[in-house]
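The values are calculated or read from the model by the stated rules, or taken from the named source; none is laboratory data. These numbers were taken from a predicted model, which means no experiment stands behind them. Heads up, the Cβs are rebuilt from the backbone with ideal geometry, glycines too, and the neighbour counts pull from every protein chain shown. These accessible areas exclude ligands, DNA and RNA; they are computed on the full protein's heavy atoms, side chains included. Shrake-Rupley method; radii C 1.70, N 1.55, O 1.52, S 1.80 Å.
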Amino acid sequence: MRTLIVGDIHGCYPQFRRLLEKVEFEEKKDRIISLGDLMDRGEMSYEVLMYVRRLKERMKERCVLLMGNHEWMAIHGRLDPLLRRMWYDNGGKATIDSFKQHGDRLEHYIAWMRRNMVLYYKEEDFQCVHAGIVKEEPRENTEEILLWTRLAVEENQYKGKLTIIGHTPLKDVIYFTGSWKDTDVVPYGVEKKLPKQGMICIDTGCVFGKKLTMMIVEEGRYMLEAVEY
């Protein structure tokens with residue numbers, strides 16, 4: 001089984017579909033993992049969420065949806081006016097507008113998001129969180145670290161089990177080895193052995209006019225594919 005890990009989509013629906021076509025996504029065979037931030041900022045958050053909902057319904061546990069900080073703001077902002085304003089000013093308005101165009105409201109899907117989105121994903125060779133990690137075991141990190149931190153990237157001190165993250169948009173996919181500023185740029189289209197420790201950030205800022213990146217993992221090896229904005 002291939003595992004397809006996609007970085008922050010942020011409402012970039014055409015790019016997401018093009019990327020799935022490029023990697024020849026097989027819904028009945030592959031596993032797909034979203035690192036979170038499906039919505040906000042981009043113009044087609046409605047289309048992204050509806051498509052992913054259908055995937056989750058059909059693929060069940062082979063479709064893994066991590067919660068990003070943007071989903072968290074949307075969910076919790078319903079009861080906190082200040083948080084809702086922060087969400088609105090940081091891309092939430094685009095999501096509201098996207099749903100309005102289809103005569104729908106995001107509020108209708110909040111309960112579904114709560115049920116189907118998780119803070120982390122683990123398997124034998126790697127694990128995934130949205131933003132970053134400090135302690136190797138995801139559940140030993142605070143929700144704030146898993147959803148919001150950028151220190152994991154900025155300080156490059158994590159040396160635990162290999163963790164795939166998004167959240168921090170970078171020009172290139174970077175492998176953070178955990179040795180302060182010792183990092184590696186990961187080339188696209190080149191198969192590499194999966195490292196055992198450190199972090200790989202695959203958010204390459206599609207919604208900011210760059211590209212949407214996917215990591216394809218199979219039998220202890222991985223490669224990257226992307227589509228331009």
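In this calculation the C-beta distance from Met86 to Lys122 is compared with R0 = 25 Å, giving a FRET efficiency of 0.25. Dividing the helix sum by the residues of the chain, where each DSSP H run of 4 or more adds -39500 (n - 2.57), gives a mean residue ellipticity at 222 nm of -8000 deg cm²/dmol.
For Leu194, nonlocal amide neighbours, meaning residues 5 or more places apart or on other chains whose placed amide H falls under 5 Å from its own, are Arg221, Tyr222.
Exceedance of the 25 Å cut-off in Cα-Cα distance is limited, within the set Lys60/Lys211; Lys29/Lys192; Lys161/Lys211, to Lys60/Lys211; Lys161/Lys211. For the listed peptides 203-213, 39-49, a ranking on the average number of other beta carbons within 10 Å per residue, highest first, reads 39-49, 203-213. In this structure the stretch 4-94 gives 44 Å² per residue of accessible area when probed at 1.4 Å with all protein chains present. With both residues required to sit in the chain, DSSP beta bridges show an antiparallel share near 65%. Listed by chain and number, the aspartates and glutamates placed with their C-alpha closer than 17 angstrom to that of Lys93 are Asp37, Asp40, Glu43, Glu47, Glu71, Asp80, Asp104, Glu107; residues fewer than eight positions away on the same chain are left out. For the chain, the mean projected area of the C-alpha convex hull, equal to one quarter of the hull surface, is 11.5 nm². Within the straight-line cut-off of under 18 Å between alpha carbons, the lysines reachable from Lys159 are Lys122, Lys135, Lys181, Lys193, Lys196, sequence neighbours fewer than 8 places apart in one chain being disregarded. The GluC sites (Glu not before Pro) of the stretch 176-229 meeting both criteria, a DSSP state outside H, G, I, E and B (loop) and at most 13 other C-beta atoms within 10 angstrom of the site's C-beta, are Glu191, Glu219.
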